[in-house]
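Peer 1: Here you go, one structure.
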2 protein chains.
Amino acid sequence: MDPQEILSLCKRRGFLWPAYDIYGSVAGLYDYGPLGTAMKNSIENYWRQLYVLGEGFIEINCPVVAPEPVFKASGHVDAFSDMYVECNSCGETYRADHLAADKHPNPASLNEEQLGKVLKEIGAKCLECGGELTSPKRFNLMFKTSIGAGRGKVAYLRPETAQGMFVNFSQMYRYGREKLPFGAVQVGRAFRNEISPRQGLLRLREFNMMEAELFVHPEDKTWPKFKDVKGEVLPLVPNSGDSRSMSLDDAVNEKIIRNEVLAYFVWLTFKFAVDIGMDPKRLRLRQHIKTEMAHYASDCWDLEAELGYGWTELVGVADRGSYDVQAHIDHSGADLTAFERFEEPKEIEQEVVKPNFGALGPLFRGEAKMVSEALAGLSTEKVKGKKEVTVDLDGKKFVVPASCYEVVRKIEKVSGRKLVPHVIEPSYGVDRMLYAVLDHSYVKKEDYVTLRLKPIVAPIKAGVFPLMPRDGLDTIALEIFDELTRSGITAYYDDSGSIGRRYARMDEVGTPCCITVDYDSKDDHSVTIRDRDSTSQIRVKKDHVLEAVKALMDGVGFESLAKMK
Amino acid sequence: MDPQEILSLCKRRGFLWPAYDIYGSVAGLYDYGPLGTAMKNSIENYWRQLYVLGEGFIEINCPVVAPEPVFKASGHVDAFSDMYVECNSCGETYRADHLAADKHPNPASLNEEQLGKVLKEIGAKCLECGGELTSPKRFNLMFKTSIGAGRGKVAYLRPETAQGMFVNFSQMYRYGREKLPFGAVQVGRAFRNEISPRQGLLRLREFNMMEAELFVHPEDKTWPKFKDVKGEVLPLVPNSGDSRSMSLDDAVNEKIIRNEVLAYFVWLTFKFAVDIGMDPKRLRLRQHIKTEMAHYASDCWDLEAELGYGWTELVGVADRGSYDVQAHIDHSGADLTAFERFEEPKEIEQEVVKPNFGALGPLFRGEAKMVSEALAGLSTEKVKGKKEVTVDLDGKKFVVPASCYEVVRKIEKVSGRKLVPHVIEPSYGVDRMLYAVLDHSYVKKEDYVTLRLKPIVAPIKAGVFPLMPRDGLDTIALEIFDELTRSGITAYYDDSGSIGRRYARMDEVGTPCCITVDYDSKDDHSVTIRDRDSTSQIRVKKDHVLEAVKALMDGVGFESLAKMK
């Protein structure tokens, strides 16, 4: 469907507004209006239902402002960037690689100098004013800020919610009483200071994510619930080029999807998209090609939807190995490991540091015992071949000469081993999913627009109309409206204009049903319920309206409802 | 209750963690762990239930990044600041007024120079290292950033969610089909780059707000639902000093609370606090004293709770007059007004600009009609006493000499008038409310801690335990756990340790009830439900567990439940 048409409906009817419109708006920033917010909340809540209640993942909620070391570790400070050029005359900025898109097979792979050469060769000029452009410069895509007064601490707005879960691995592991696997999710804002955002909701500078991080044993990527879904068939586009619909079981057996747990979450992602109203025929799961995949990822699948913009990535489901947790271990020095207890303790010969009390005593006197314990805890790597070693006890430093310890081989009973967990990450873009649902729900017949939203995401569940705003019809309609509202069902009361126009207003924003109170209602205590998609109507006792609307929301089809009555 | 004790429980059990702990953490930034997130979600959802479903407010959702003009208009760029001093030796920063707190009655009222003098007189030094301090400097408390590459646009992280609703007044007014009053809410993050945050959840650099903006007719501050609650008695602390419990009706009649609509939302705020579990005896509503109130606000009431920190502001409910909307009209030039249609058109004599066709025609030829229409639309203020006036038509400027128009008095029928709406703003701090609920729920007997959380905010609704993790007891318990979970009820399955210890774990995190499967359960198909607060137990058929837990969540007391069985 034409994106302009959808965005125009969104603005007109209160799904979305360009943010800060009265100040000229800002590219890449949108407000969710009342209908968009309700829809976004529904999508997020249903996602929680699947991941938190259904899969038992825990939900956490971290700040969006984070100090620099977090993103130094994650790699974003060094590598999360695009190149831009700026017009010397009007100051307009452009993604440098985009300007060379038609002239080079992969301009993003070039460095500044190479890309500058290409732009010179093709004579790139400012698209606004024809002015000269600067040479390409790297621009980090994180919004930068500073925490605190005075010198302050460099900080960034998170470009993803994931890091909050990686840095909290140990807290969550303890919360879950030290078991693998366990999953965590976060729903919230993320930021990407795009150089020149286009494409409505697809490239936002501030966007909404739902991310899950499943921490698993590095050598165990089986998944108990896989057996319940292994017969399910998904439209796969493997990087071998051999696209076809295939059962999960076959995909795993033929090593097309790397492992069971990844396959399970690929399936759950597809199910989620269909449940919230996307058209399964316009969805596919595309495997990243080798050069596209992060170097540490062992496998990655994108859920893509066919939209007015073409095939568009909505979700990435990746096996990220131990990369993220290991990066934070390396940068912070924290022990972000899980402990695997062996079934039986094992005898293992290993090198240990053995303190020499005879030498320690005279040197450190009252503190000798503490120093000795600290020495025994050191890894042998730290002392081998050195003349002395420095140990730090609560901030006090002790220089210990090599005569005070030796490295010995020792047979020890060990009860288990430390593991750096692997991470399976399903990462969802909320705004893109919402847009895809709108695109797949948009039906236009002549000039009549219906959004065929599923009740689960429809921002208004029912329209309530008195045929006329008088003669007591309004009183009855308001009673119904109040009853629905009190039960937590968002309804919309409308008493103005012809009934046809009122239906049209509700159809255009995807309201699944409308309830009309007419003059007969006063006598027969019944009202009409109209189905959005079939436009067929049934007559229902006023006292049964709530129940009927609830049934429709629970997925009972309108035809079945008609039979029940 | 001692804040340290509550924060320690929060950290240990997964309500809250200091953010970025592995990198040394950052003052004023916290993560919500799984229990904190669940509780925060519950508080926000219940608030939506009251404001969106109950009061019919619309919910919108704006970006947290906003360009400078928004906060230039709101006054934050110029006036949202504190003074700080910095240690010349160690770089530590301090709120300058805090350092003078004991030596001056109101140090925040001083300017930089005056406060610098006071600090010199009292010989203020760095509290960390004793070093010399710089003189006080102003520090804007908004986090600053920049949008886009190259020159970029100065931007800030919003210090409140309110501005997003003010700048969208016209969109929302149109969405609501141009009626006053209407209300809008926003739930989301806000930021305040505190100089030296203390006090756990009370002073955060990144926090969560729930704000409502009710736009009303400036001359009509009645409220239909006021009559339903006017008998309710609230603990008021008016700025006259005469504190007492008083009915809303009396408070409005005696002009203690300025108007009905403000009184209604003061009441709703109190109700909300009690509903989520605060102790009404430790709540009060304090009116701002004149010097404390924003200069434009005509009345403002804070909901305060008595906490371990002392009386603490949780919510502000203010009548902000037309200040906010007018500020954006003045800065943006946009027409953020409502239109009041008179019951009958009125004849009003007014000055208008009357174009002179005879003069316009020869000068502007084909464009004369457009220029004429533009002239007729001008306010007379713009042309009076000028030799010429410039009109702008789609970007093209026309200089029109005074001979082309005149100012005349004319009797016109007008159908209505433009109004700048007044705003009633209830503004809630989510983190503070959550903390206050924890404080008021914390009960310690000897060393046994129980959080007496109401079911509505309890992060876990039910613990499910097999007496032993074998002999089929675990199977039965897991069936119950699954049944609860499928019904959307967050349960916690625990099969390790003594039953007493398992109860204690659940009591400490506020789980209202626990369900135990024992050896009898296999024969009598019944299980034990234990009430957290009374520790009394009832025996219930396994098939009735879901129903019983739902009843407890709906507020049916445990005793009533016992009688029902």
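Peer 1: May I ask you to list the residues in the stretch A:188-203 that are at the interface with chain B (Cβ under 9 Å from one of its Cβ atoms) and either closer than 25 Å to B:Asn41 by Cα or of a type in the set (Lys, Arg) (or both)?
Peer 2: A:Gly188, A:Arg189, A:Phe191
Peer 1: Another question, if that's okay. List pairs: first in the stretch A:104-123 and farther than 17 Å from A:Arg138 by Cα, second part of a loop (DSSP other than H, G, I, E, B), Cβ under 7 Å, 6+ apart or cross-chain?
Peer 2: A:Ile122/A:Ala100; A:Ile122/A:Lys103
Peer 1: Given the conditions (1) within 19 Å of A:Met209 (Cβ to Cβ); (2) at pLDDT below 95, report the number of the one that A:Gly333 does not fulfil.
Peer 2: (1)
Peer 1: (1) surrounded by fewer than 11 Cβ atoms within 10 Å (Cβ to Cβ); (2) touching a Ser or Thr at 6+ places or on another chain (Cβ under 9 Å): which one isn't true of B:Tyr405, the others all being true?
Peer 2: Against the list (1) surrounded by fewer than 11 Cβ atoms within 10 Å (Cβ to Cβ); (2) touching a Ser or Thr at 6+ places or on another chain (Cβ under 9 Å), B:Tyr405 comes up short only on (1).
Peer 1: Mind checking which residues of the stretch B:233-253 are surrounded by fewer than 14 Cβ atoms within 10 Å (Cβ to Cβ) and either in a strand (DSSP E or B) or modelled with pLDDT of 95 or more (or both)?
Peer 2: B:Arg244, B:Ser245, B:Asn253
Peer 1: Cβ contacts < 6 Å: first residue at the interface with chain A (Cβ under 8 Å from one of its Cβ atoms) and within 21 Å of A:Val52 (Cα to Cα), restricted to the stretch B:38-57; second residue outside any helix (DSSP H, G or I) and among the hydroxyl-bearing types (Ser, Thr, Tyr), any location; separation 6+ or different chain. Result?
Peer 2: Listed pairs, sorted by first residue: B:Lys40/B:Tyr32.
Peer 1: Filter the strands (runs of 3 or more DSSP E) completely within the stretch B:125-224 down to those with at least 1 residues that are without any contact (Cβ under 8 Å) to a residue 12 or more places away in the chain.
Peer 2: Once the strands (runs of 3 or more DSSP E) in the stretch B:125-224 are filtered for at least 1 residues that are without any contact (Cβ under 8 Å) to a residue 12 or more places away in the chain, what remains is B:144-147.
Peer 1: Which count do you get for residues in the stretch B:87-124 that are part of a loop (DSSP other than H, G, I, E, B), in contact with a strand residue (DSSP E or B) (Cβ under 8 Å, 6 or more places away or on another chain) and among the acidic types (Asp, Glu)?
Peer 2: 1
Peer 1: Collect the residues in the stretch A:439-477 that are of a type in the set (Asp, Glu) and closer than 17 Å to A:Pro3 by Cα, keeping them in residue-number order.
Peer 2: Matches in the stretch A:439-477: A:Asp439, A:Asp447.
Peer 1: Here are some residues: A:Ala334, A:Ala305. Which one is within 30 Å of the chain's Cα centre (by Cα), aliphatic (A, V, I, L, M) and in the same structural domain as A:Leu214 (by TED's automatic domain parsing)?
Peer 2: Details: A:Ala334 fails: in the same structural domain as A:Leu214 (by TED's automatic domain parsing).
Answer to the check: A:Ala305.
Peer 1: Go through A:Val154, A:Val167 for me and flag whichever is modelled with pLDDT of 95 or more and away from every other protein chain (no Cβ under 11 Å). So that I can check it myself, show each step before the final result.
Peer 2: Numbers: A:Val167 fails: away from every other protein chain (no Cβ under 11 Å).
Sole residue among the options that is modelled with pLDDT of 95 or more and away from every other protein chain (no Cβ under 11 Å): A:Val154.
Peer 1: Of everything in the stretch B:7-37, what is more than 7 Å from every other protein chain (Cβ to nearest Cβ), outside any helix (DSSP H, G or I) and either among the aliphatic types (A, V, I, L, M) or within 21 Å of A:Thr145 (Cβ to Cβ) (or both)? Give them in sequence order.
Peer 2: Listed by number, the residues that qualify are B:Leu16, B:Pro18, B:Gly24, B:Ser25, B:Ala27, B:Gly28, B:Tyr30.
Peer 1: Of everything in the stretch B:382-426 that's out of contact with any helix residue (DSSP H, G or I) (no Cβ under 7 Å at 6 or more places or on another chain) and among the polar types (S, T, N, Q), which residue is modelled with the highest pLDDT?
Peer 2: Filtering the stretch B:382-426 for residues out of contact with any helix residue (DSSP H, G or I) (no Cβ under 7 Å at 6 or more places or on another chain) gives B:382-385, B:390, B:392, B:394-397, B:399, B:401-402, B:406, B:408-419, B:422.
When the remaining residues are screened for being among the polar types (S, T, N, Q), the result is B:390, B:415.
On the way: B:Thr390: 87, B:Ser415: 91.
Restricting to residues being out of contact with any helix residue (DSSP H, G or I) (no Cβ under 7 Å at 6 or more places or on another chain) and among the polar types (S, T, N, Q), the top hit is B:Ser415.
Peer 1: Answer yes or no as to whether B:Pro3 is more than 17 Å from the chain's Cα centre (by Cα), surrounded by fewer than 21 Cβ atoms within 10 Å (Cβ to Cβ) and facing chain A (nearest Cβ under 7 Å).
Peer 2: So B:Pro3 does not fit the description; no.
Peer 1: Further, regarding this structure: Please identify the pairs in which a residue from the stretch A:487-513 that is hydrophobic (A, V, I, L, M, F, W, C) has its Cβ atom under 7 Å from the Cβ atom of a residue that is assigned to a helix (DSSP H, G or I), counting only partners at least 6 apart or on another chain.
Peer 2: A:Ile489/A:Val549; A:Ala491/A:Phe481; A:Ala491/A:Leu484; A:Ala491/A:Thr485; A:Val509/A:Arg13; A:Val509/A:Leu35; A:Cys513/A:Val549; A:Cys513/A:Leu552
Peer 1: Of all residues in the stretch A:55-78, which are surrounded by 21 or more Cβ atoms within 10 Å (Cβ to Cβ) and among the small types (Gly, Ala, Ser)?
Peer 2: A:Ala66, A:Ala73, A:Ser74 - these are the residues of the stretch A:55-78 that are surrounded by 21 or more Cβ atoms within 10 Å (Cβ to Cβ) and among the small types (Gly, Ala, Ser).
Peer 1: If you go through the stretch B:443-488 one residue at a time, how many are surrounded by fewer than 20 Cβ atoms within 10 Å (Cβ to Cβ), more than 14 Å from every other protein chain (Cβ to nearest Cβ) and within 18 Å of B:Val274 (Cα to Cα)?
Peer 2: Final tally of qualifying residues: 3.
Peer 1: To continue, here is another question. Counting just the residues of the stretch A:205-219 that are out of contact with any helix residue (DSSP H, G or I) (no Cβ under 9 Å at 6 or more places or on another chain) and under 16 Å from A:Leu180 (Cβ atoms), which one comes out farthest from the other protein chains (Cβ to nearest Cβ)?
Peer 2: It comes out as A:Glu219.
Peer 1: Then there's this: I need the full set of residues from the stretch B:182-218 which are within 18 Å of the chain's Cα centre (by Cα) and among the β-branched types (Val, Ile, Thr), in order please.
Peer 2: B:Val185, B:Val187, listed by residue number.
Peer 1: Given the criteria exposed (fewer than 13 other Cβ atoms within 10 Å of the Cβ) and either modelled with pLDDT under 95 or not in a loop (DSSP other than H, G, I, E, B) (or both), does B:Arg505 qualify?
Peer 2: Judged against the criteria, B:Arg505 is not a match.
Peer 1: Any idea how many residues of the stretch B:149-174 are farther than 23 Å from A:Ile195 by Cβ and aliphatic (A, V, I, L, M)?
Peer 2: Summing the residues that are farther than 23 Å from A:Ile195 by Cβ and aliphatic (A, V, I, L, M) in the stretch B:149-174 gives 4.
Peer 1: Let me ask another. If you go through the stretch A:157-205 one residue at a time, how many are closer than 24 Å to A:Pro18 by Cα and not β-branched (Val, Ile, Thr)?
Peer 2: Qualifying residue count, the stretch A:157-205: 21.
Peer 1: Any idea which of A:Gly131, A:Gly164, A:Gly152, A:Gly183 is at positive phi and of a type outside the set (Lys, Arg)?
Peer 2: A:Gly152
Peer 1: Hey, another quick one. Just wondering, is there one or more residues in the stretch A:109-128 that are touching a Pro at 6+ places or on another chain (Cβ under 7 Å), farther than 30 Å from B:Cys87 by Cβ, surrounded by fewer than 17 Cβ atoms within 10 Å (Cβ to Cβ) and aliphatic (A, V, I, L, M)?
Peer 2: Looking through the stretch A:109-128, none of the residues is touching a Pro at 6+ places or on another chain (Cβ under 7 Å), farther than 30 Å from B:Cys87 by Cβ, surrounded by fewer than 17 Cβ atoms within 10 Å (Cβ to Cβ) and aliphatic (A, V, I, L, M).
The values are calculated or read from the model by the stated rules, or taken from the named source; none is laboratory data. Here the structure is a predicted model, which is why all the values come from computation and not from measurement. Reconstructed Cβ throughout: ideal geometry from the backbone, glycine too, with neighbour counts over all protein chains shown.
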